[in-house]
Amino acid sequence: MDQFIVQLVNGLVLGGIYALIAVGYTMVYGIIQLINFAHGEIFMFGAYFAFVLVTAFGLPFWIALPASMALCALLGVLIDIVAYRPLRNAPRLSALITAIGISLVLQNLARLIWSASQQSFPDESKPNIFISDIDAQTGAIINAIPLPGGAILPYRDVFILLLAVVLMIGLNRLIYLTKIGKAMRACAENQTAANLMGINTNMVISVTFAIGSALGAVAGVMVGLREVIEPTMGYYKGVAAFAAAVLGGIGNVTGAMVGGIVIGIAETFGADIHSGYRLAFAYIIMILVILIRPSGLFGKSTSKRA
Amino acid sequence: MRDKLTPKNIAISLVILLVPVFMYLIDAFTLYISSNYGVFLPLPSGDYILRIVVQAGVYILLAVGLNIVCGFTGLLDLGYAGFYLIGGYTAGLLMARLGVSYWIALPLAVINGALWGLLRGIPTLRLTGDYFAIVTFGFAELLVQVVKNEIWLIGGPNGFVNNIPPVTIFGIELFQNWHHYYHILILILLTVFITYRLKESRVGRAWTAIREDEQAAESMGINLSRYKSLAFAVSAAIGALGGGFIAQFQVNISSKLFDFWESIFILCMVVLGGTGSIRGSIIGAAILASLGELLRGGNILPSEFGGARYLIFGIILVVIMRFRPGGLSLKKA
């Protein structure tokens, strides 16, 4: 039972991270019907940007995080303008192949720049409250909440979960309450009509890419805090997050959040059963959802989504 | 491609047939010069080039196979390496573990590949576009996970199958690179012949109709399920054929040979050559396979830039899609 709670908490934290990545996939898909394969790579770049800012430039973590978000937003918009915008009216598969190409380029660029080896934020660069430990002599718990069974829940994980929830609520409010959110929904509904109503669709798409990429960058930094930073992280985590987006109903932001949590928990408990198949659970969920209910848990049921 | 016996075509055929002879002539020449004059010529080893050519031949086979699904029926398959893997492990395990002869293991591998092609194909029949692509991707990734983890079945961690015995024919062991060369050449000729005949047949026209407009094709009386399943099975069988060959060619195989980027590499060849064109697939595969080998760390680039070749493949995908979606082949898409 104790183990169950620990794993549940781990799954929730991982799920929060997946949800942050998944909204990037789902927002872009909702608006231009493109599976942005490069989104996982943007997430990976987010982690590396923050890493470089704190190690090479010596910036404090709390400045590096928003800076990395801004850089990633810029990267996302740039990718859209350079690669995807010229293909707006091309066959959908051309855009998908382009996205795969961009993903290849970014992943190997990262490998060239930062090498394939794993890196992590040095302890002195992390804010103090993120360094959790159990004092060996006194048994005092530092910067963590005790869980039953002697395990601890670091403040870092609490922060990640809270941040994910806050950002998700913020995004939800942005989409449903602001003018740009309304424009986004209009574009997702019918781009031509939105254009005719005087909405600058290209600008709206750019904003979508920027928001999705910035949230991806947050997820990247959080993964950097919890695990390691490596060029392939975007691929593995990106696929799991994409599975989350599909599970929630691709194009649906609320769905992406719920899907992220479900995939995160499934992966954590799945790893308990057989650690070698850790990643396989996300793939299996993804395939089953597409085959059985292509619109996902929250998606509108349409007869054909091509 | 209704070619005739023109002098040009005869010359090309002769060159293709005699490639190993040229390669061994290079080796003989270098050896002669260095032993008689003491000068070492900086020529690459012909045997090594021959090995790269054989490797490129496998990719030609795979590209032609992938082109059936991607090019003829217009469905994006992101998991083609899955069938390559099935063929490789079926043949490899049968030969290394059970001592089955290659001439039985290869057809079994092909049949197994075709079966899996159908098995994957039937649930995905009604899917189109992105969703089909994602399912194919997930399927191939699952296969990689299985061979990585099921050590009791495969034999080693990360899917290692070692010491696959060489092929024997009439008591002669086929392990030299020129053996492999003629071996793959025959397989390619067979595959290209079958694919070409299929393309020009009623089946091929049905595939094209499905690619252009599924609903229109169906209302013209084309049985979508049957023709799509056929495309999946044939394509998967060719992939498995390539896998069966690579198992005995590489002697040791691991899951690394069949990962997701391998699928993308093959897709890149088809896209470069122009989807839907057999000749394009062959040319695309020949170009990218040799380019990939050249750019592998240590040849031209320093070894730490070995990953850069994938960067270049990525750029090729993006640029082709942007400026020439029909690929290098002459046909405009």
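The values are calculated or read from the model by the stated rules, or taken from the named source; none is laboratory data. None of these values were measured; they are calculated from a predicted model. Glycine gets a Cβ as well: all are built from the backbone with ideal geometry, and neighbour counts include every protein chain shown. Ligands, DNA and RNA are stripped out before the accessible areas are found, and what is left, the full protein with its side chains, is counted by its heavy atoms. Shrake-Rupley method; radii C 1.70, N 1.55, O 1.52, S 1.80 Å.
Against the definition (in contact (Cβ under 8 Å) with a residue 24 or more places away in the chain and either touching a helix residue (DSSP H, G or I) at 6+ places or on another chain (Cβ under 9 Å) or closer than 19 Å to B:V192 by Cα (or both)), how does B:F22 come out, yes or no?
Criteria met by B:F22.
Name the residues in region A:161-187 that are small (G, A, S) and farther than 20 Å from A:L20 by Cα, would you? It would help to see each step written out before you state the result.
Residues of region A:161-187 that are small (G, A, S), as a first pass: A:164, A:170, A:181, A:183, A:186.
Correct list: A:A183, A:A186.
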Determine whether A:I152 is open to solvent by 60 Å² or more (accessible area, probe 1.4 Å) and free of Cβ contacts under 8 Å to residues at least 24 places away in the same chain. no
For A:A83, only one of the following conditions fails: (1) under 20 Å from the mean Cα position of the chain (by Cα); (2) facing chain B (nearest Cβ under 7 Å). What is its number? (1)
Which of the residues belonging to region A:249-259 are more than 14 Å from every other protein chain (Cβ to nearest Cβ) and not in a helix (DSSP H, G or I)? A:N252
How many residues does region B:101-137 contain that are within 13 Å of chain A (Cβ to nearest Cβ) and among the polar types (S, T, N, Q)? 3
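Are there any helices (runs of 4 or more DSSP H) wholly within region A:162-248 with 2 or more residues that are surrounded by fewer than 23 Cβ atoms within 10 Å (Cβ to Cβ) and among the basic types (K, R), and if so which? Step through it out loud before you land on a result.
Values: elements: A:179-189, A:191-196, A:201-226, A:233-248.
The helices (runs of 4 or more DSSP H) meeting that bar are A:179-189.
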Please specify each residue of region A:135-149 satisfying the condition of being open to solvent by 70 Å² or more (accessible area, probe 1.4 Å) and assigned to a loop (DSSP other than H, G, I, E, B). A:A136, A:Q137, A:T138
Where B:Y131 falls short, out of the listed (1) modelled with pLDDT of 80 or more; (2) under 23 Å from the mean Cα position of the chain (by Cα); (3) open to solvent by less than 20 Å² (accessible area, probe 1.4 Å); (4) of a type outside the set (A, V, I, L, M, F, W, C): (2)
In region B:296-323, anything part of a loop (DSSP other than H, G, I, E, B) and either open to solvent by less than 90 Å² (accessible area, probe 1.4 Å) or at pLDDT below 60 (or both) is listed as B:G297, B:G298, B:N299, B:I300, B:L301, B:P302, B:G306, B:G307
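I'd like to check something: does region B:149-156 contain any residue that is surrounded by fewer than 21 Cβ atoms within 10 Å (Cβ to Cβ), within 26 Å of A:I292 (Cα to Cα), more than 20 Å from the chain's Cα centre (by Cα) and within 14 Å of another protein chain (Cβ to nearest Cβ)?
Initial filter on region B:149-156 (surrounded by fewer than 21 Cβ atoms within 10 Å (Cβ to Cβ)): B:149-153, B:155-156.
Going one step further and asking which of them are within 26 Å of A:I292 (Cα to Cα), we end up with none.
Within region B:149-156, none of the residues are surrounded by fewer than 21 Cβ atoms within 10 Å (Cβ to Cβ), within 26 Å of A:I292 (Cα to Cα), more than 20 Å from the chain's Cα centre (by Cα) and within 14 Å of another protein chain (Cβ to nearest Cβ).
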Yes or no: region A:49-60 includes at least one residue that is surrounded by fewer than 18 Cβ atoms within 10 Å (Cβ to Cβ), over 20 Å from B:G138 (Cβ atoms) and touching a helix residue (DSSP H, G or I) at 6+ places or on another chain (Cβ under 6 Å). yes
Go through (1) more than 8 Å from chain A (Cβ to nearest Cβ); (2) open to solvent by 50 Å² or more (accessible area, probe 1.4 Å); (3) in contact (Cβ under 8 Å) with a residue 24 or more places away in the chain and name the single condition B:V167 misses. (2)
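Condition check ((1) surrounded by fewer than 19 Cβ atoms within 10 Å (Cβ to Cβ); (2) more than 10 Å from chain B (Cβ to nearest Cβ); (3) free of Cβ contacts under 8 Å to residues at least 12 places away in the same chain) across all residues:
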position	(1), (2), (3)
A:I261	no, yes, no
A:G264	no, yes, no
A:I273	yes, yes, yes
A:R278	yes, no, yes
A:Y283	no, no, no
A:M286	no, no, no
A:I292	yes, no, yes
The one condition in (1) under 18 Å from the mean Cα position of the chain (by Cα); (2) closer than 26 Å to B:F323 by Cα that A:A73 fails to fulfil: (2)
Just for region A:104-134: of the residues that are modelled with pLDDT under 85 and open to solvent by less than 30 Å² (accessible area, probe 1.4 Å), which one is farthest from the other protein chains (Cβ to nearest Cβ)? A:P127
A:G101 passes all but one of the listed conditions (1) touching a helix residue (DSSP H, G or I) at 6+ places or on another chain (Cβ under 7 Å); (2) surrounded by fewer than 18 Cβ atoms within 10 Å (Cβ to Cβ); (3) within 13 Å of another protein chain (Cβ to nearest Cβ); the exception is number (2)
